[in-house]
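The values are calculated or read from the model by the stated rules, or taken from the named source; none is laboratory data. Everything numeric in this text was worked out from a predicted model, so none of it was measured. Ideal geometry is used to build each Cβ from the backbone, glycine not excepted, and the neighbour counts take in all protein chains shown.
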Amino acid sequence: MDGRGALMRPVPSLDKLGGAAGSPRADANPNPGPVSRLPTVEVTVYPYECDAYGHLNEAAYLTVFERARWEALARGPGADLFRRHGVWPAVRSASVEFLRPAFPGDVLAVDLRLESLGRTSLAMAQSAVRRSDGAVLAEARFTFVMVDPAGGSVAVPDEVAGAFGVRASTRPGEMVRYDVGGLSLAVDLRGDGPALLLVHGFPVDRTLWAHQVATLAGWRRIAPDLRGMGMSDAPDGAYAIATYADDLVRLLDRLQAKQAVVVGLSMGGYVAFDLVRRYRDRVAGLVLVDTRAEPDGAEGRAGRDAMIALARAEGSRAVAERMLPRVLGRTTQQTQPVLVEQVREMMARAPVAGVIGALGALRDRPDSTPLLPTIAIPTLVVVGQEDELTPPSAARALADAIPSAALTVIPSAGHFSPLEAPTAVSRVLAEFLEHARGYIR
Ligand code: MLT
């Protein structure tokens, strides 16, 4: 412990500081851009940071600004914000405007403003204002590029963008609507590269893949709401797994993607099997997450009928309440209350026509086990260690039946592993995708 924390504390935003109006700062930066959500912090100037003239020089200001950034992170989303997402903010450019000297013992209020957000980069500005007289002593500008451990640039994770004041939902390149044969699908689209189609399960929506969409750089991430779910159209009437697959092929056509690596979770896995069965040349690789190949037995089908009756009588929220304890792992239920509520609400807002349609499609889905020995494309089976619905033993059997498949078990996650352990799942996917890339035509 270096005692530094004791010399830093959050202060009100600079706009609220007494000296702001008419102060040099107001003149120095008339158009400051959105103030970040990170707190302004106070840093004290140490004697050892000062040069032969006894004050902070430009290089020393850079160090002080860096100190303030880490302190602001520690007091906000956590100093491990980047590490949590497997990225690092590499400084690509830095400039300091030296306005006035600072001396040992001066207390500087340092804020942090986001100037612009790119796909892989953040441009920020910081100001150092002397607490005692409100004078702006220095201004700095930095550009950071997110890099992965190999040094390659990657997309700015949504949580990182959010921490600096940008709401994920306002970011460009997010939800787009596509007409697929008279039906409108809501689709999250992000990035360039080979197509990666992410197919969610029941009864959730495309936001299941939020972390993967945000982080799997180098791929064109395509995460649709299946018909009847999320913000896609929800027609009345019968649905089938094949209908979902047909919608997705139309979507790939619209996006001019000849092939995609298909990632399917649970019901999304059933759809992925159907894509392999009927559109084999469109599938370049396969990730089967928390899913199985067998159809429902008699008991399972009766359970679907009971659930359809429940949805008709009491709506999607009743279905959500019935399913919630089984879709999330015990660790998630004990340690991630915010996520539990998020999943509850996601399931509860599913359109009732879509829920009923999906339950019929699940009940009547075909047996995909005969397909398994014929799968020769790169395939990864992923399962949450605490998945009760499609447990690790079932995932092992699935991986064993596919000649080209490997298996990965995600610790402390249940049936919705991409949401419950997003970083772990994204990392496993990133590794698999590097391998699969070589097989894409
Ligand atoms: C899902 O997550 O998609 C469902 O658990 C699928 C199913 O009930 O078979």
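Quick test for you: out of Thr374, Thr379, Thr423, pick the one residue that is away from the ligand (no atom under 16 Å from the Cβ), polar (S, T, N, Q) and surrounded by 23 or more Cβ atoms within 10 Å (Cβ to Cβ).
Selected residue: Thr379, the only one of Thr374, Thr379, Thr423 that is away from the ligand (no atom under 16 Å from the Cβ), polar (S, T, N, Q) and surrounded by 23 or more Cβ atoms within 10 Å (Cβ to Cβ).
Quick one: would you say Ala293 is over 25 Å from the mean Cα position of the chain (by Cα), surrounded by 20 or more Cβ atoms within 10 Å (Cβ to Cβ), modelled with pLDDT of 95 or more and under 19 Å from Pro203 (Cα atoms)?
Values: over 25 Å from the mean Cα position of the chain (by Cα): yes; surrounded by 20 or more Cβ atoms within 10 Å (Cβ to Cβ): yes; modelled with pLDDT of 95 or more: yes; under 19 Å from Pro203 (Cα atoms): yes.
Spelling it out, Ala293 is indeed over 25 Å from the mean Cα position of the chain (by Cα), surrounded by 20 or more Cβ atoms within 10 Å (Cβ to Cβ), modelled with pLDDT of 95 or more and under 19 Å from Pro203 (Cα atoms).
Considering only region 219-251, state which residues are in a loop (DSSP other than H, G, I, E, B), more than 12 Å from His200 (Cα to Cα) and aliphatic (A, V, I, L, M).
Met231, Ala234, Ala238, Ala240
Which residues, taken from region 183-217, are more than 13 Å from the ligand (Cβ to nearest atom), within 17 Å of Arg227 (Cβ to Cβ) and assigned to a strand (DSSP E or B)?
Ser184, Leu185, Ala186, Val187, Asp188, Leu197, Leu198
Going residue by residue through region 260-271, is there one that turns out to be aliphatic (A, V, I, L, M), surrounded by fewer than 24 Cβ atoms within 10 Å (Cβ to Cβ) and more than 16 Å from the ligand (Cβ to nearest atom)?
Scanning region 260-271, I find no residue that is aliphatic (A, V, I, L, M), surrounded by fewer than 24 Cβ atoms within 10 Å (Cβ to Cβ) and more than 16 Å from the ligand (Cβ to nearest atom), so the answer is no.
Yes or no: region 312-319 includes at least one residue that is farther than 30 Å from Asp233 by Cβ and surrounded by fewer than 24 Cβ atoms within 10 Å (Cβ to Cβ).
no
Quick check: anything in region 245-258 within 12 Å of the ligand (Cβ to nearest atom) and within 24 Å of the chain's Cα centre (by Cα)?
Looking for residues that are within 12 Å of the ligand (Cβ to nearest atom) and within 24 Å of the chain's Cα centre (by Cα), one finds none in region 245-258, hence no.
Within region 356-371, does at least one residue satisfy the condition of being aliphatic (A, V, I, L, M), within 23 Å of Ala405 (Cα to Cα) and in contact with a strand residue (DSSP E or B) (Cβ under 9 Å, 6 or more places away or on another chain)? So that I can check it myself, show each step before the final result.
We begin by selecting, within region 356-371, every residue aliphatic (A, V, I, L, M); these are 356, 358-359, 361-362, 371.
From what is left, the residues that are within 23 Å of Ala405 (Cα to Cα) are 371.
If we keep only those that are in contact with a strand residue (DSSP E or B) (Cβ under 9 Å, 6 or more places away or on another chain) too, we end up with none.
No; the residues of region 356-371 include none that is aliphatic (A, V, I, L, M), within 23 Å of Ala405 (Cα to Cα) and in contact with a strand residue (DSSP E or B) (Cβ under 9 Å, 6 or more places away or on another chain).
Do we have Tyr279 as hydroxyl-bearing (Ser, Thr, Tyr), surrounded by 15 or more Cβ atoms within 10 Å (Cβ to Cβ), within 27 Å of Glu434 (Cβ to Cβ) and more than 16 Å from the ligand (Cβ to nearest atom) here? Give the derivation first.
On the way: hydroxyl-bearing (Ser, Thr, Tyr): yes; surrounded by 15 or more Cβ atoms within 10 Å (Cβ to Cβ): yes; within 27 Å of Glu434 (Cβ to Cβ): yes; more than 16 Å from the ligand (Cβ to nearest atom): yes.
So Tyr279 passes the test.
Which fully enclosed helices (runs of 4 or more DSSP H) of region 341-425 have 3 or more residues being assigned by TED's automatic domain parsing to the domain that holds Leu275 and touching a Lys or Arg at 6+ places or on another chain (Cβ under 9 Å)?
Fully inside region 341-425 and qualifying: 352-363, 392-401.
Filter region 252-308 down to residues that are assigned to a helix (DSSP H, G or I) and not β-branched (Val, Ile, Thr), then give me how many there are.
The qualifying residues number 26.
May I ask you to say which residue of Asp225, Asp290, Asp281, Asp192 is without any contact (Cβ under 8 Å) to a residue 60 or more places away in the chain, in the same structural domain as Pro418 (by TED's automatic domain parsing) and touching a Ser or Thr at 6+ places or on another chain (Cβ under 8 Å)?
Asp225
Among (1) closer than 30 Å to Gly438 by Cα; (2) within 11 Å of the ligand (Cβ to nearest atom), which single condition is Glu294 missing?
(1)
Working only within region 402-425, note down all residues that are within 12 Å of Val383 (Cβ to Cβ), touching an Asp or Glu at 6+ places or on another chain (Cβ under 8 Å) and among the polar types (S, T, N, Q).
Once the filter is applied, which keeps residues that are within 12 Å of Val383 (Cβ to Cβ), touching an Asp or Glu at 6+ places or on another chain (Cβ under 8 Å) and among the polar types (S, T, N, Q), region 402-425 yields only Ser417.
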